[in-house]
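Okay, so here's the structure we're looking at.
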Amino acid sequence: MEARARSKYIRQSPRKVRQIADLVRGKSIPEALNILHFSRKKASKFIEKTVRSAVSNLINSEGGSGVSPEDLFIKEIYVDPGPMWKRIRPAPMGRATLIRKRTSHLSVVVAEFEDKAKKKR
């Protein structure tokens with residue numbers, strides 16, 4: 001059993017968010033939340049919130065009422081680029097330069113460990 005959650009239009013570049021996403025990919029939920037909670041990066045707050053949402057989505061689904069967060073792991077986590085905000089900044093000699101403020105879309109899929117799912121059946 002698996003569930004997903006998405007966070008869109010995160011005001012941070014996808015490259016910076018991917019650095020933290022790579023830390024928790026494939027980890028169990030308690031271990032991933034521990035890593036994210038004590039990370040000093042800004043992206044860790046967005047990822048932690050999305051992981052908690054995915055776990056909640058699984059628990060609140062029809063067949064997920066008996067699932068414990070300790071039995072779950074992060075099956076997939078990926079970061080896609082969102083739209084760029086374009087701004088103009090003055091440059092020397094009367095020129096103007098473009099500033100690209102990047103955004104990200106974050107997707108998280110959590111699933112049950114296979115051995116735990118087989119024992120329930």
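Run through region 4-111 and list the GluC sites (Glu not before Pro) located in a DSSP loop whose Cβ has at most 13 other Cβ atoms within 10 Å.
Values: sites: GLU31, GLU48, GLU62, GLU70, GLU76; in loops: GLU62.
Hits after loop and neighbour filter: GLU62.
Fewest Cβ neighbours within 10 Å first, please rank VAL67, VAL55, VAL109 accordingly.
Working: VAL67 20, VAL55 23, VAL109 16.
With the sparsest Cβ surroundings first, the list reads VAL109, VAL67, VAL55.
From Cα pairs below 8 angstrom and at least 6 apart in sequence, can you work out the relative contact order of region 12-65, rounded to a whole percent? Walk me through the numbers on the way to the answer.
Values: 23 pairs, mean separation 15.6, N = 54.
Value for region 12-65: 29 percent.
What does the helix-only formula give at 222 nm for the chain: each DSSP H stretch with n ≥ 4 adding -39500 (n - 2.57), the total divided by the residues, and the result rounded to the nearest 500 deg cm²/dmol?
Working: 4 runs with 46 residues, N = 121.
Estimated from H runs of four or more residues: -11500 deg cm²/dmol.
With Rg and Dmax of the Cα atoms in Å in mind, check (i) 15.8, 56; (ii) 13.2, 37; (iii) 18.2, 72 and report the label derived from this structure.
For Rg and Dmax of the Cα atoms in Å, the calculated option is (iii).
Between SER65, SER107, SER13, which gets the highest mean-square fluctuation from a Gaussian network model of the chain, Cα cutoff 10 Å?
Fluctuation is largest for SER65.
Mean-square fluctuation check for the chain, GNM, Cα pairs under 10 Å: which of ALA54, ALA96, ALA43 is largest?
Comparing ALA54, ALA96, ALA43 in a Gaussian network model of the chain, the most mobile one is ALA96.
Residue by residue through region 2-14, what is 3J(HN,Hα) from phi via Karplus (6.51 cos²θ - 1.76 cosθ + 1.60, θ = phi - 60°)? Round to whole Hz and write x for glycine and proline.
9, 9, 10, 8, 10, 10, 10, 6, 6, 7, 8, 5, x
Just so you know, all these numbers are worked out from the coordinates, no wet-lab data involved. Model, not experiment: these values are computed from the prediction. Neighbour counts are summed over all protein chains in view; Cβ atoms, including those assigned to glycine, are modelled from backbone coordinates with ideal geometry.
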